[in-house]
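The values are calculated or read from the model by the stated rules, or taken from the named source; none is laboratory data. All values derive from a computational prediction rather than experimental measurement. For neighbour counting, all protein chains shown are included, and Cβ atoms are generated from backbone atoms with ideal geometry for every residue, glycine included.
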Amino acid sequence: MSRTNKNKSPSMDEWLKEVKSDRLALQEGMYLVHNGVVRQTPKMKVRNGLDDGSIVLGMDFFFDKDKVDTAIAKTYEMDGVFHVKIWLNEGYLEVGDDIMYILIGGDIRPHVIDALQFLVETIKTKCVVEIEQKG
């Protein structure tokens, strides 16, 4: 399969520079970044221990923008969260390609960790379609 994703991964240096220049950054004591990447090991093996002997060659990845926007809005409602940035790839992705980047900026570690966990979990379970292409 040929590579069809058109999105260029964002620069975390640029994202951090942007959020730290905002007046709300004066209230922030922590930033966390999540970078999801297409892996060769199938999800069923990693999550459930079920090994059918296959490997992932790539993935079809799509997202629902409205659902993502809702998830971001809910994340901003969480205690101590001042910045949320998200980038999602789309289309056919090869092993090693970036799937997503999420940055959370907030006041204290527990708030930032909770917000990142909530947003990643919500996106992965309610906002995206991931279809592994195996060989």
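Overview of values
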| item | result |
| --- | --- |
| GLY49 being modelled with pLDDT under 95, under 20 Å from THR125 (Cβ atoms) and surrounded by fewer than 17 Cβ atoms within 10 Å (Cβ to Cβ) | yes |
| Some residue of the range 10-26 being touching an Asp or Glu at 6+ places or on another chain (Cβ under 7 Å), modelled with pLDDT of 95 or more and either surrounded by 14 or more Cβ atoms within 10 Å (Cβ to Cβ) or in a helix (DSSP H, G or I) (or both) | no |
| Counted residues, the range 90-105 - those being hydrophobic (A, V, I, L, M, F, W, C) and more than 14 Å from the chain's Cα centre (by Cα) | 2 |
| Some residue of the range 58-68 being surrounded by 14 or more Cβ atoms within 10 Å (Cβ to Cβ), within 22 Å of LYS8 (Cβ to Cβ) and basic (Lys, Arg) | no |
| Filter result (in a loop (DSSP other than H, G, I, E, B) and free of Cβ contacts under 8 Å to residues at least 12 places away in the same chain) within the range 31-51 | GLY49, LEU50, ASP51 |
| Subset of the range 73-117 (residues that are among the aliphatic types (A, V, I, L, M), part of a helix (DSSP H, G or I) and surrounded by fewer than 17 Cβ atoms within 10 Å (Cβ to Cβ)) | ALA73, ILE113 |
